[in-house]
Structures are given as C-alpha cells and as structure tokens.
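One structure is given here, and the rest of the page talks about it.
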Amino acid sequence: RKEKFKSHHMNSLNIYNEKRNQFAVERNTPKQLVEKVSGDIAKLLNRKRKALERLAREAEDIQREHPWQDGIKVRSTSDDDDGENLLQNPNSLSLEFVDDPNFKNKVNYSYTAVQIPTDIYKGSPTILNELNWTQSLERVFIENSREDPSLRWQVFGSATGVTRYYPATKWRAPNKIDLYDVRRRPLALIFLSGSVSGLTLKLMKTSVIEMLDTLSDDDYVNVARFNEKAYAVVPCFTTLVQANIKNKKIFKEAVMNMQAKGTTDYKTGFQFAFDQLLNTNAPRANCNKMIMMFTDGGEDRAQDIFEKYNWPNKTVRVFTFSVGQHNYDVTPLQWIACANKGYYFEIPSIGAIRINTQEYLDVLGRPMVLAGERAKQVQWTNVYQDALGLGLVITGTMPVFNLTTDGDSKNQLILGVMGVDIALSEIKELTPRYKLGANGYTFAIDPNGYVLLHPNLQPKIINFREPVTLDFLDAELPDRNKEEIRRQMIDGKAGQRRIKTLVKSVDERYIDEVQRTYIWSPVEGTDYSLGLVLPSYSENHIKANLSDQILQVQYFESLLPNTFESEGHVFIAPREYCKDLELSNNNTEFLLNFIALMEKVTPDSKQCDNFLLHNLILDTGIIKELVDKVWKNKDLNTYGFMTVFAATDGGITRVFPKRASDTWEENPEPFNASFYRRSLDNKGYIFRAPYPNDDILNPENDTIGILVSTAVDVTIGSRNLKPAVVGVKLDLEAWTDKFKILASNHTNSNRQSSQTCGPTSGCEMDCEANSDDLLCYLIDDGGFLVMSNQKDYMNKVRTFNSKVDATLFYALYNNSFYKRKQSYDYQSVCDPVPSSNTGAAPRGVFVPTIADVLNVAWWTSAAAWSLLQQMLYGFAYQSWFMTDEVDAEGMESRESSCVTVQTQFYFSNISSSYNILQDCDNCSRLIHARRINNTNLLFVVAEKLSCDSCEIEKLSQVETECILTHKCAFLALVLISEIMIHIFLFLFQENTSDCGRGHSFRPSPLTLLLLQLLLLCVLAHPSV
C-alpha cells in the first residue's frame, strides 16, 4: 500500500517540475534577513523615541507656564459660572466614536480622555490643577499623530495618579499604564518586624505584597523578618534575587504564611540588610539601594549600624513604615528615615496601603530630576496586555520633570511619565514571516532574556495587572546551546550557530529532534536583540512569477465554490493578502470575502501583498493539476482512503472529495497545522490518530480516519525546498483488517492451517488468528495507539499507550525505544484555588465587650483611640461597615495563570527489531518490537499477561500543575542576568529636608477630657 502513497507523492514532485517557468527559487540569506529586520525595528523604535521626546519637552514647558489655582473646582453640567473651573473630561461629554482598526477600538480623534484611580479624590486642588494643565497636551498629541500616523496610544501618567491618553476612548479596565512600572527601579531589601500580630500583622503583610508589586524585572530584592535575629522569609534566597513574577509569587506566599515571634531588635535587622546589600557576589541592578522597614513600633535608632555601614555617604536609603493603630512615639522611625535620605510613612488602615507603598518612588526620582537631560532616556516596558484593546504591546516611556523653582531652589519632583504604545503586531509586520516557511521564525528578547517576539508567546489569560514575561528558554525546549545563544544576545553580541535541538509540536503531543540554524544580532539603539531560526529546507523559498493574467484567472477559478464538487473543497490560510480584506474566523466566510475582493482588484494591486497573493494563486493551480491528473482517476475506496489532501506554503489546503471537508478539523493556516510542520521536519510518512472528541468515543456514529502525511521534497538545480505536504486519511476499520493480515506470517491461501496459540504450545505470529493470546499494536512516535488487532480497542485509538497497556509501554521505555522529555509551560491556565489566608470582616475594627464599655480606663487606652480613629476614617471614606479582604490577592474565583509540567515521549535511535522478556510478579511475557522504516510507527507484538499485577512506574503524558514542594527549585529554572543601566545617584546636591512626618489622627487632650466627662455623666445618670 505504500506504493499508493509514493505515487501520490511523486506526482506532486512532477507537477512542480512542470510548472518550473511559473516561479523562481530565491535564497533566504539568514545574516541579511536579520540585519534588515533589525534595522527596520530600530527605525520604528527611533520614530517612537522622537515622538516621546517632543511630548516630554512640551509637557514640561506647559506645566512650567501653568498658573497654580487654589480656588479651582469641579464644574457640574449645569454650572454656568465663569470662575476658575475645571474643563470637563471626555467621559462627561457627548462624543462620537468611530471604529479604527489600528486601535481595535472606537476612538475620537479630537479629544483626549482621562482616567483617575478610584482611590484618589478627584476634587482635590492638586488633581484639578493637574487636569487643567494636562488638557493642553491634547494639541501636542494630535500634532504628533499627524506627523506619524502609525502612532498608537499616547499616554501621560502623572505622579498624582492622573492618566491622560489620546485618542479618546471609553476606559475598559483599570491601570492602563502603571506609572511605577516604567520608572527606574531600586535594589531593595524589605524588612518586617517580628513582634507584630493580629490586624497589624495582616496590614503589614498586605503592605509588603503591594510593595513587591511596584518592583520589576530590573530590580533585585529580598524580604526578611526579624526579632532577636533576622531571617530571610524564603530560606533559599540567601542573597538579593531578581524581582520577576516567579520570585515575587514565592515571596508573597512566604510573607502570607509568616508568623509573629519574639521581640524586635532593629540592630539585628539592619545588620542583616546591609550585609545583603554589600554582598558583591550577588547579582544586582547597580542602581538605587534601599531598605524598607515595616514595624508597629520601637525605640531603638540603631545609630551605630548606620555609622558603620552608611555614613557619611548615605548610599543606601532607608524608608520606614509605621503600620497599624498605635499611640507610641514615632520619632525614632522618623529619625531613621531622615538620617538616611529616606522617608517616613504611616499605614493606619487598608485604604492607606496602596498610596503609601508607592510614594517612596518620588524620593528615588530626586537625583533623576537634578540630573536633567542626562536622565531623559527612553525605557521600554515588558510586554503586557493593553487595557484598551490593542492586544500585546510594549510602551516606550520617558520621565517628565517639574521645571518650576521655589525661590532659588530647583524642584526635585517628577511630574510623571510620558508613554507611547507599540503593538507587537506592528513589529511582526517587519518580519518576513511567510518566506521562512512553517518552521522558520524570528524572535527578539530584552536584556532580561524575556521574549518580545516569539511564535510561542501566546498568553492564555488576559491579565492587565502583570506583564507578560516569558523567558526565551521557557518559550523553547532549553539546552546548553540555547543557553549560550541567550547569553550572547543579552550581552549585545552577534553570532550564528547550527544546532541539533528538540521542538514540541503545535498540538503539544509530540517531540521532534531537528537541525536548526540560529543567527542573532543586537537591535541598534536599543537593549533588544533579534534572532532568526531557520531549518535547512527553508533556506530557499518559492516566489511566483505569474505575469500571464489569463493564467491567473484560470488558476483563480478553482477557488470558486462551484468547483468544489468536482475538484474538492478549498481552505485558504487567513492571511492579510490585501489591506481591505475582511478577516473572519469562519474559513468559508473568509474565502467568500477574498473572492469578492478579487473581483474588484487585481493580484498586482498596490493595496495587496503581491508575494502572498501570487504564491496563493500559483499553489491553487499546482494543486488543481494534482486533482485532475491523480485524484480524480483513483477509486479511493479501493485503497481504503477516506480523503486525499494537499497543503502548501502558499496557504492552500484542498481536501478531496468535497464531502470530506465536513469532518476536516485541521487548521486552515498550514503554518499552524501540526501535521504540516511535523511532516516537514520528519522523513517519510507521518501517521497521526485523530484527536480525542465525542465522535471517537462513539465510533459507531462515524468512520474514524488516520491521517498520513509526507512533505513534497523538491530539488531545483542545487537548491532543496519543501513547498507542500500531501497525504491521505485512512479508513481505520478497513486498514485494521489489512493490518491484521500484514502482521501475520501467513498468506491468504494458507491461513486456515495456522497453529493456535496456547499456554503450553508455541505458535507462529498471527495477529488475526491468535488475537486472544497476542496483542498487536501500531504505536506512533509519541506513544499513541494507531491500530490494534483487538476488537474492543477501536475506541482506544489515539489514546496514550500507557493507558492501554501500562506494563507494555513501560517495557518499551525501559528498553530505550522511547525517550522522555519534561518541560514547563509558564503560560498555562489553572483552576482557582481558594485562599485560606483571608476572612471577611469590618476593616480592622476592634469590638469592645460590655465590661470594656463600662470601664472608664478603657476610654483612655490605645484601643479606644484606635476604634475612634477607625470610625473617623470609615465615615470619611464611607467604608467602615463594608467587609474587606486583607489578602492582597483578593478572593475572585476565576482561572489563573500557573506553571504546568508537560511530558512527551519520542523515539530513540533504535532502528532494528528487539525481543524483550518482561518479568512481573508471578508471570512473564515476550514482547517483540520493531520500527517500521520510513514512518513514525513502531510495530509491537506481545503475549497477554497471565497475572494481574506488575510493579512498574506508570508513565503519563497528562499535563499537570507544577507544585514545587521546595520553592527554591524555581532557582534552577530561572537564569538571572545582571542588568547594567545608567544611574544618577548622589551626583547632585539633593534636598533631603522633606523626609516624612506623622499624619495619623491623634486625639487632642481637650477631646479626651470631653469624652471622659461624657462617660462619667452617663454612668452617674443611667436613666438619662
């Protein structure tokens, strides 16, 4: 039967040779491709940089000229007052929005829009003045867009929390741009006092978690608790570690599980902190160094520690946070912060956490402001999900400084950050996607090794709170070669290397061992590095040469639905062939849209991608000839074929006969189809059982088809390429009967004389006659069952063989027929896990007993003033009687991102046949296994086990959540790179006089006296 496949394949080769004059074979030169794409990306980023510089410059000038208005107020819709009023923002205006495909949103080009976080009071003079002067940015945004129509969102994020963006659109999600994700970041050590408990401890844990969220991958951090001694909350984090998402999750879990113990010794804590910061063997960002201490009180100033480690240069800033309700003296905490160029904050309640754990960044920004133009450098964010609908984006950011003066003193404040978005789709458009073939691709990484571009960058959950950080070594199956490639790219070096590596199939069921050429080069003017991956068969590509318009029309006609009945159904890849082509997830609808457009434009139109369009039409003609010369002349049923098909690099997939399209479930984009990509990477015929679905579980309802495909390997001159894949779908039932005959030592003429197997008698191998005693399997290279001689195994086809016969598959693995590969998926989705660290209750309210109320001394205690203070906060924020979760992660029950471990199996290098004697507890059996040449199949014949138990490792391919019992195991999965960035520390005379003062509510003596008199009056006259 293999000859029928071979005939199908050879006819495809002949057709390409016959059509030789209709296309050219062009060379893909990796080095030139990388240099061109790298240069194009550099030009794109440079245009955005110029737009940012203009925006920052204009913003500083506008703010400097803006007169501060103390009497500014919000104007209501009926307000006709001509006084000092705030201009209404677009959300309060009746605006018309129009669809813009560049923004994937409805926008208004005449206005900017404003978003203010809900925890910021919109009526304060600071916010209203901010809104007033930023209104003038509207003009600059509009002029920028006219100069560069490719600009996407332009954003100003102010230090006060105001975000103004252009063009205007309705806000769909919070935190469009987190100001604190785009500033320069610190090297931080966070300390928690070990003597706290109760509500204060919960406040402290939540504060630390919020603090961790302000850090990015450019930071290095550690968290420790201290009482009589200091301990790292994560024991294996003995030095500062990179503040990436993985490490921050480990920190958060450790912090939430922390318990209060002992008393507080500040000296012990600060000694540990400075030892960490002065450790020269640990990786670090070489930028701001700081210590943050969270405590509920203490009297020690630890002055001798600061004299030893930090004075007189004060290169480490110290920030102190007084957490919870208390009435102790905060002067020591204030002194510690002021004496070390830091700041003192108070966090009395849940509502104060977010603001007070972010304001430290104003202090860190002082040297930047004083450095002026030298500090104005464009920084590019990690990849993240755009809250306004652009999909995955990066944002270029630049600081905006306050240039006003206070007398002779220069201002030290950062006004905010200006940002310009770039959709990753814009960058992808600069890459030669379809000239590289299905398994060739470009990728780019940032200085942390995270991918900016990669075909495997596909986050499954839209999360606006966290960046999309996927390491290059997590995007691919890692090996030592790739580790070295990553290191050189981070170091800004160029290089090229041909390697043997493993790749995972699109459907994640298979592993292939392949040859790939990696070439990489830095992107000039940025910290990015661009890479290109190319298999040898993609070093050349076809470029159609269809100048004959009559021929174009002839080929195009076979795309029309009225030809499908005689020539088979056509699927076309959903590519952007022309600018006006409307995309659709329904391929039939997309084809009709394509045909309708082609009736209006020609393939040579300027609005179309001529390369894509001409190659599509050429492939249509080539496959049509295959239909006419081969497919139509064959009776498929005679060969047990349900379907014949062909798919091409040009984007055509034709399935014959037409009725077969009803059950065709392969991706219409060949480059995303697993069978297509695996056929290119493997020699011979690739068998694949159908994917699990309801029809397969009930085979009586439908005929099960086994997909068999092979690449069309064309040599033109001295150039080799694989421009297409052809194949058939086998009728499983018909081919199972053929398999039983083929898997026998007997011909049809003498089968009746075959010997029957028995427990005491041997027999010749006959997979049909001896099916009661012999198990005969065809297993593919991933370990999935393709065929069996067992009648009741028909519904187990496509099942991982360990589920069918666990002991047999273990024997195959144990005897090196298969290798096992484990990998981690950092973009997986897992079910929500309820948190045990949360509880709904009024926000930190102490509930006194009746005895407490009747005790006059209680009113003068800290508890009374704590309750009074909570009441006043509650009345002010209308939230005292609302329940709130103290867990920083919240209680929303929804799917979350997680890490899963995947296990795939693949063939070893064994090519000959082997006999295996498998011993179990009380029995043994003989297993015969042999690779079938030129296929991905293993033929296995085994005796049935006569006993029920066999002690083996049960192998599985099921994807499971990776729950590491020892969190430090993550360290083996993360490669930390040292980040070298320009810094502006202590180069200028900084004014540190503003270092924080107590702002919590303090009871006045008069109020205390009045309350005591009132209580005495009630007790003296209980009937009143």
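The three principal axes of the C-alpha atoms in segment 94-159 carry coordinate ranges of 37, 21, 21 Å, sorted with the longest axis first.
With a 1.4 Å probe rolled over the protein heavy atoms of all chains, the accessible area of W68, W735, W311 falls in the order W68, W311, W735, largest first.
Across all Cα atoms of segment 766-808, the radius of gyration (one decimal) and Dmax (whole number) stand at 10.0, 29 Å.
Only aspartates and glutamates eight or more places from K410 in sequence, or on another chain, were considered; those with a Cα closer than 12 Å are E990. Give me the distance between the Cα centres of segment 421-447 and segment 40-77, rounded to whole Å. Each part's Cα centre sits 31 Å from the other's.
Note on segment 394-492: with charges restricted to the Cβ of Lys and Arg (+1) and Asp and Glu (-1), its dipole about the Cα centre is near 320 debye. Shape annotation for segment 260-357: C-alpha extents along the principal axes are 40, 28, 27 Å, from largest to smallest. Gyration tensor analysis over the Cα atoms of segment 330-463 returns equivalent ellipsoid semi-axes of 41, 20, 13 Å (largest first, whole Å). Taking the charge dipole of segment 393-455 about its Cα centre, with +1 at Lys and Arg Cβ atoms and -1 at Asp and Glu Cβ atoms, the residue from N439, H454, I427 reaching farthest to the positive side is N439.
Calculate, for segment 374-425, the solvent-accessible area per residue in square angstrom, rolling a 1.4 angstrom probe over the heavy atoms of the protein chains.
For segment 374-425, the per-residue accessible area is 31 Å².
Among the trypsin sites (Lys or Arg not before Pro) within segment 386-465, those in coil by DSSP and having at most 15 neighbouring Cβ atoms inside 10 Å are K460, R465. Three semi-axes describe the equivalent ellipsoid of segment 476-624; taken as square roots of 5 times the Cα gyration tensor eigenvalues and ordered largest first, they are 39, 19, 15 Å.
Taking the mean number of other Cβ atoms within 10 Å as a proxy for protection, how do you rank 241-254, 493-506 from highest to lowest?
Taking the mean over residues of other Cβ atoms within 10 Å, the ranking is 241-254, 493-506.
With a 1.4 Å probe rolled over the protein heavy atoms of all chains, the accessible area of S771, S558 falls in the order S771, S558, largest first. Straight-line reach only, C-alpha to C-alpha below 16 angstrom: list the aspartates and glutamates that K500 could link to, leaving out same-chain residues fewer than 8 apart. Correct list for K500: E476, D479, E483, E484, D512, E513, D681.
Annotation: amide H of W153 within the under-5 Å range of D421, sequence separation 5 or more or interchain, hydrogens built in the peptide plane.
Rounded if a/c is under 1.5, else prolate if a/b beats b/c, else oblate: with a ≥ b ≥ c from the C-alpha gyration tensor eigenvalues square-rooted, which is segment 306-368? Oblate is the answer for segment 306-368, as a/c is 1.5 or above yet b/c matches or exceeds a/b.
Summary value for segment 370-462: 20 percent relative contact order, contacts being C-alpha pairs under 8 angstrom separated by 6+ residues. Taking only protein heavy atoms and a 1.4 Å probe, the accessible area of segment 263-332 is 45% carbon and sulfur.
Among the listed pairs K249/K504; K504/K729; K658/K740; K683/K944; K202/K314; K504/K803, a Cα-Cα separation exceeding 25 Å is found for K249/K504; K658/K740; K683/K944; K202/K314.
Qualifying chymotrypsin sites (Phe, Trp or Tyr not before Pro) in segment 442-538, where qualification requires a DSSP coil assignment and no more than 16 other C-beta atoms within 10 Å, comprise F464. 3J(HN,Hα) along segment 353-364, derived from phi through the Karplus expression 6.51 cos²θ - 1.76 cosθ + 1.60 where θ = phi - 60°, amounts to 5, 4, 5, 6, 8, 10, 5, 4, 5, 4, 5, 5 Hz, with x in place of Gly and Pro.
For segment 401-483, the set of GluC sites (Glu not before Pro) satisfying both a DSSP loop assignment and a count of at most 15 other C-beta atoms within 10 Å is given as E429. Across segment 676-689, rounded Karplus estimates of 3J(HN,Hα) from the backbone phi angles (6.51 cos²θ - 1.76 cosθ + 1.60, θ = phi - 60°) give 5, 5, 6, 5, 5, 8, 10, 7, x, 9, 9, 8, 8, 6 Hz, Gly and Pro being marked x.
The values are calculated or read from the model by the stated rules, or taken from the named source; none is laboratory data. Worth saying up front: this structure is predicted, and the values here are computed from it rather than measured. Please note: Cβ atoms are built from the backbone with ideal geometry, for glycine as well, and neighbour counts cover all protein chains shown. Side chains are part of the model used for accessible areas, which takes the heavy atoms of the whole protein and leaves out ligands, DNA and RNA. Shrake-Rupley method; radii C 1.70, N 1.55, O 1.52, S 1.80 Å.
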